[in-house]
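The values are calculated or read from the model by the stated rules, or taken from the named source; none is laboratory data. All values derive from a computational prediction rather than experimental measurement. Counting neighbours? That spans all protein chains shown, and the Cβs are built from the backbone with ideal geometry, glycine included.
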Amino acid sequence: MAATQGTEGATPAAALRCEVSAPQSVKAGEPVHVTFRLTNSTAQPLFVLTWRSPFEGEPRSRFLEITRDGTEVPYQGPMFKRGDPEAGDYATLAPGATAELKIEVSLAYDFSRPGTYRIAFRGPLMDVATQQAEVPRPLAQHRAMPVQCPVVETTIVAP
Amino acid sequence: MSTSSRYLRWLVGGVVGFSLLSACGAPDEQIDTADGQSAPEATAGDVAVSLSMGSTALSARDDVQVTVTLTNVAGHPVKLLKRNTPVDGIKNELFNITRNGAAVQYIGRHYKWAAPEAGDFLTLGTGESLTRTVSLAGAYEFTETGSYSISYAEEIHGGGATQFASNSINVWVEGRPNVLPEEAGEREVTAFGLSTSGACTSTEVSSITTAFNSAKTYASGSLSYLTNTTPSGTARYTTWFGTYSSTGWNTVKSHFSSINSAFTTKSVVVDCSCSDSAYAYVYPSQPYKIYVCNAFWSAPNTGTDSKAGTLIHEMSHFTVVAATDDWAYGQSACKSLAKSSVTKARDNADSHEYFAENTPAQN
Ligand SMILES: [Zn+2]
């Protein structure tokens, strides 16, 4: 465990590079998708806990901050109380690999009103490990990793 | 977990209305509101009734509260006339009560009921339960000290057709003056509302009921701690919410005030249909429905990460309660959060749960 901590301590904050894209405009009432591209820029595989991140695949936590013309858009999806994770709660990213995660944000946020929506994921990732044998690990051993994703905008237009 | 949006389908094509008592097999199953019309009215043997009380002896200062659980054992949905159930409090002679063998007078309200319409019925889905804790003090005469025997009325007096057989409970009650129904009435209607959905088994209903009562104790205990302790950097406060400030203390106090009043005055529904490995989940914009999952069932009733604590965690999420988020999970991460961000700690559901559970106890 001590060796692991040393490794992670030496890992720079940009171990995971993040790009985000969203359509410039969407007609009100149509689904809104945001695509996250997360790249492992280290020489080691990364084992990423999916909770509270784009790796959840669909909104299952309030991991995004969304505003419409500056006003917060409330999250309406589920919020879970979690215990220790299971193996299936981790995603694997090989060295240099990119995970592309398309999230249908309109499933959990109301995008029905026209306006300019800003969508931000500010991280951090709740637990990231570099050794497969270390995961899943109990909550008390989790090591969060910061991730910097750019904020994207999409405009909802009247149909 | 599949990527199909089983937790999110409700937002697609408009929000599905939630009816507290409609049959509801799974979170993504659209509620069939036609059920209420189509289900046959319950007949003898369709509904099992169980009664319980927290104590076997009550002093004159104690309220006489009984917890009633009605479970549909018919094998198909059934409808019940609401006034023959405690769903909205005691509005009818729902109980048979005797003292030392003699019948005890019903002093509650007598309503003149019109012929029932569709809205006067509730539907219990197959295996579904309804639980209410009601105060008997405004409805029956407890002026004499003695041993009281309480059961659910097998037949509603005044010609109700529905038959309910229940267990009988015995309780020693110290005599007290009658409470006017006008004084007790308001509380009966709103207080202590717990019902279940999603095909909870009777064992599950009983552990939910116990957890719900313990969660109420946690909520009122937390509120009274924050009200009666001189605000300062106590160990209990700083462990979960970080460096003391009067603003911080008051925010947490207002959260527990809301949590406490939700547990004591709102109709809470606990749903058993989730099979995720998590403890529980809620939709923050849909109070007061709490979905309990696998980890909930193996948790202890009280203490760290307990059933009662999980209900505190979930109740804090509702936008109309404390609108908390999940910034950190588990005691260790929550202690770190209290050190790194007091703002996030005050906005974190598990931090509220651990403060309420207070295990190991701190002053
Ligand atoms: Zn939560």
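Taking the criterion of being part of a loop (DSSP other than H, G, I, E, B) and more than 8 Å from chain B (Cβ to nearest Cβ), the residues of the stretch A:68-83 that qualify are A:D69, A:G70, A:V73. Residues that are buried (at least 18 other Cβ atoms within 10 Å of the Cβ), touching a Lys or Arg at 6+ places or on another chain (Cβ under 8 Å) and farther than 13 Å from B:L124 by Cβ within the stretch B:42-67 comprise just one, B:T67.
Name the residue, out of B:S275, B:S316, B:S351, B:S332, that is modelled with pLDDT of 95 or more and either outside any helix (DSSP H, G or I) or more than 15 Å from the ligand (Cβ to nearest atom) (or both). Reasoning before the result, please.
Values: B:S275 fails: modelled with pLDDT of 95 or more; B:S316 fails: either outside any helix (DSSP H, G or I) or more than 15 Å from the ligand (Cβ to nearest atom) (or both); B:S351 fails: either outside any helix (DSSP H, G or I) or more than 15 Å from the ligand (Cβ to nearest atom) (or both).
So the residue among B:S275, B:S316, B:S351, B:S332 that is modelled with pLDDT of 95 or more and either outside any helix (DSSP H, G or I) or more than 15 Å from the ligand (Cβ to nearest atom) (or both) is B:S332.
The residues in the stretch A:41-53 that are under 18 Å from B:A328 (Cβ atoms) and either surrounded by fewer than 21 Cβ atoms within 10 Å (Cβ to Cβ) or within 14 Å of another protein chain (Cβ to nearest Cβ) (or both) can be counted, and the count is 5.
With of a type in the set (S, T, N, Q), within 14 Å of chain B (Cβ to nearest Cβ) and crowded, with 21+ Cβ neighbours inside 10 Å as the only criterion, which of A:S61, A:S112 stands out?
On the way: A:S112 fails: crowded, with 21+ Cβ neighbours inside 10 Å.
That would be A:S61, the only listed residue that is of a type in the set (S, T, N, Q), within 14 Å of chain B (Cβ to nearest Cβ) and crowded, with 21+ Cβ neighbours inside 10 Å.
Just checking, does the stretch B:288-297 include any residue being under 16 Å from A:F80 (Cα atoms), without any contact (Cβ under 8 Å) to a residue 24 or more places away in the chain, crowded, with 19+ Cβ neighbours inside 10 Å and in contact with a Cys (Cβ under 7 Å, 6 or more places away or on another chain)? Yes, because at least one residue in the stretch B:288-297 is under 16 Å from A:F80 (Cα atoms), without any contact (Cβ under 8 Å) to a residue 24 or more places away in the chain, crowded, with 19+ Cβ neighbours inside 10 Å and in contact with a Cys (Cβ under 7 Å, 6 or more places away or on another chain).
Run down A:E86, A:E56 and say which single residue is under 25 Å from B:E314 (Cα atoms), within 11 Å of chain B (Cβ to nearest Cβ), out of contact with any Pro (no Cβ under 8 Å at 6 or more places or on another chain) and of a type in the set (D, E).
Numbers: A:E86 fails: out of contact with any Pro (no Cβ under 8 Å at 6 or more places or on another chain).
Answer to the check: A:E56.
When B:Y279 is tested against the conditions (1) touching a Ser or Thr at 6+ places or on another chain (Cβ under 7 Å); (2) under 27 Å from B:G127 (Cβ atoms); (3) more than 10 Å from chain A (Cβ to nearest Cβ); (4) of a type in the set (S, T, Y), the lone failure is (3). Within the stretch A:129-151, the set of residues being closer than 24 Å to A:Y75 by Cβ, crowded, with 19+ Cβ neighbours inside 10 Å and more than 14 Å from every other protein chain (Cβ to nearest Cβ) comprises A:V147, A:C149.
One line per residue, one yes/no per condition, for (1) more than 16 Å from the ligand (Cβ to nearest atom); (2) free of Cβ contacts under 8 Å to residues at least 60 places away in the same chain:
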position	(1), (2)
A:V48	yes, no
A:S53	no, no
A:R60	no, yes
A:G70	yes, yes
A:V73	yes, yes
A:K81	no, yes
A:A91	yes, yes
A:G96	yes, yes
A:L101	yes, no
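Cβ-Cβ contacts under 7 Å between residues 6 or more apart (or on different chains), taken from a first residue in the stretch B:311-340 that is within 8 Å of chain A (Cβ to nearest Cβ) to a second residue that is of a type in the set (F, W, Y), are listed as B:Q331/B:Y354. Scanning the stretch B:335-348 for residues that are within 15 Å of the ligand (Cβ to nearest atom) and of a type in the set (A, V, I, L, M, F, W, C) turns up B:L337, B:A345.
Residues of the stretch B:285-307 that are part of a helix (DSSP H, G or I) and within 15 Å of the ligand (Cβ to nearest atom): B:A295, B:F296, B:K307.
Specify the residue that is nearest to A:D89 (Cα to Cα); the eligible residues are those in the stretch B:233-272 that are assigned to a loop (DSSP other than H, G, I, E, B) and touching a strand residue (DSSP E or B) at 6+ places or on another chain (Cβ under 9 Å).
At the first step, the residues of the stretch B:233-272 found to be assigned to a loop (DSSP other than H, G, I, E, B) are B:233-234, B:242-245, B:266, B:272.
Okay, now just the ones that are also touching a strand residue (DSSP E or B) at 6+ places or on another chain (Cβ under 9 Å), so B:266, B:272.
Details: B:K266: 35, B:C272: 22 Å.
Among them, the one singled out is B:C272.
The set of residues in the stretch B:298-319 being surrounded by fewer than 20 Cβ atoms within 10 Å (Cβ to Cβ) and within 16 Å of A:Y75 (Cα to Cα) consists of B:T319 alone.
Just wondering, is there one or more residues in the stretch B:273-283 that are surrounded by 16 or more Cβ atoms within 10 Å (Cβ to Cβ), polar (S, T, N, Q) and over 22 Å from B:Q331 (Cα atoms)?
So in the stretch B:273-283, the residues surrounded by 16 or more Cβ atoms within 10 Å (Cβ to Cβ) come out as B:273-274, B:276-283.
Now restrict to residues that are polar (S, T, N, Q): B:273, B:277.
Remaining after also requiring over 22 Å from B:Q331 (Cα atoms): B:273.
Yes, the conditions are met somewhere in the stretch B:273-283.
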